[in-house]
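Inspection log for the structure reproduced underneath, given as structure tokens.
The values are calculated or read from the model by the stated rules, or taken from the named source; none is laboratory data. Note that the structure is predicted; figures quoted are calculated from it, not measured. Cβ sites come from the backbone with ideal geometry, for glycine too, and all protein chains shown count toward neighbours. We work out accessible area using only protein heavy atoms, side chains counted, and drop any ligands, DNA or RNA first. Shrake-Rupley method; radii C 1.70, N 1.55, O 1.52, S 1.80 Å.
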Amino acid sequence: MNKIKTRRITAREKKNLAIRWTLYAFIILFCYITATSGSFRKPLLLIPVSLCIASYAREHTAVITGIVCGLLLDNVCGKLLGFNALILCFMCIGISMLYKHFLMHRILNFTVLAAAGIFIQGVLDYFFFYAIWDHENVSFIYTHHILPCCIYTLISALPVYAVIHNINRMLRPNTVRTIEEAVISEEDQ
């Protein structure tokens, strides 16, 4: 029975992988620093960064990215430790699987998924921390704090996508083969 041979990773691809994840770490650190400074009305860049990285990653890497960015977001927002980590974990694995099986890397696809993820996170935050406890003027909290934050985050998702897309375009291995390359590799077996 013929076994499928896995492709070996070259030294250049290993170096590019290390550079790519170092850049991701710096971007996540930058987003964490910007989230800890300023007022309450600011974009939470950790959400689109985790979703964008997950769109290029495999499922297990997407889960880890979602958990790390979610824990940092929990720390920034003063929420229960693991609340945003759990939400981003499920969102990242879903986005990773959608891009793996159905979607292509286009800005429209990412914008729609980021909008859905950002607003789901905002609604869950509103429901579990404000609406469920029946505070006074909970609609004020949603319309004047959570909704503007979601809109700012969605607007800032576009430059985040551009940066991460360019990092991946330059540093990811080219997995698309021409017909000639595929025929030659079939003849070698």
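Could you tell me how many of the residues in the range 57-111 are surrounded by fewer than 19 Cβ atoms within 10 Å (Cβ to Cβ) and among the hydroxyl-bearing types (Ser, Thr, Tyr)? Matching residues across the range 57-111 total 2.
Residues in the range 112-142 that are small (Gly, Ala, Ser) and either touching a strand residue (DSSP E or B) at 6+ places or on another chain (Cβ under 9 Å) or open to solvent by 40 Å² or more (accessible area, probe 1.4 Å) (or both): ALA116, SER139. For the range 126-135, check the following and say yes or no: at least one residue is outside any loop (DSSP other than H, G, I, E, B), farther than 22 Å from ILE151 by Cβ, within 13 Å of the chain's Cα centre (by Cα) and not hydroxyl-bearing (Ser, Thr, Tyr). So far as the range 126-135 goes, no, none of its residues is outside any loop (DSSP other than H, G, I, E, B), farther than 22 Å from ILE151 by Cβ, within 13 Å of the chain's Cα centre (by Cα) and not hydroxyl-bearing (Ser, Thr, Tyr).
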